[in-house]
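None of the figures in this text is laboratory data; all of them are computed from the coordinates on show. These numbers come from a predicted model, not from an experiment. Please note: Cβ atoms are built from the backbone with ideal geometry, for glycine as well, and neighbour counts cover all protein chains shown.
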Amino acid sequence: MARKPEQGLEGLGGRKKLSETERAFMELIWQHPEGISSQEIYEHFPQARGTKSTILYNISEKGYVENCQQGLHHIYKAAVSREEYEQALLQQE
């Protein structure tokens, strides 16, 4: 049976919903409104470094974070607040 394509969250311009793991990464990013480095994020999660990089890339592609390179690391800042995300989830139900 074919999977139905995931619907975007209307309240967030059609952005795709975060997976459970992506949400955990976003929770950490939301705690640092000034931005948090990729190195600091990597230290908080047990996955392999490549997996963590992929998760951050996916979050960025979905439009939930903005990032810029600073030296060897990227700095991630939330583009969508926790409140905006939770509100969009409630509207979709």
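A few notes on this one:
- R0 of 22 Å, Cβ-Cβ distance GLN92-TYR57: FRET efficiency to nearest 0.05: 0.35
- Against the main long axis of the alpha-carbon atoms of the chain, helix 82-92 sits at an angle near 20°.
- A simple rule links phi to the HN-Hα coupling: the Karplus curve 6.51 cos²θ - 1.76 cosθ + 1.60 with θ = phi - 60°, which for the range 19-26 gives 6, 4, 5, 4, 4, 4, 5, 5 Hz, with x for Gly and Pro.
- Simple Cβ-charge dipole of the chain, Lys/Arg +1 and Asp/Glu -1, about Cα centre, in debye nearest 20: 380
- Cα-Cα P(r), the range 3-81, percent of pairs per 5 Å interval: 3, 15, 27, 26, 15, 8, 4, 1, 0
- Calculated [222 nm] ellipticity per residue, helices only, for the chain: -13500 deg cm²/dmol; basis is -39500 (n - 2.57) per DSSP H run with n ≥ 4, divided by all residues, nearest 500.
- Cross-link partners of LYS62 among aspartates and glutamates (Cα-Cα below 16 Å; sequence separation of 8 or more within a chain): GLU6, GLU10, GLU20, GLU22, GLU27, GLU84, GLU86
- Helix axis angle, 49-61 relative to the chain longest principal axis, alpha carbon, degrees: 50
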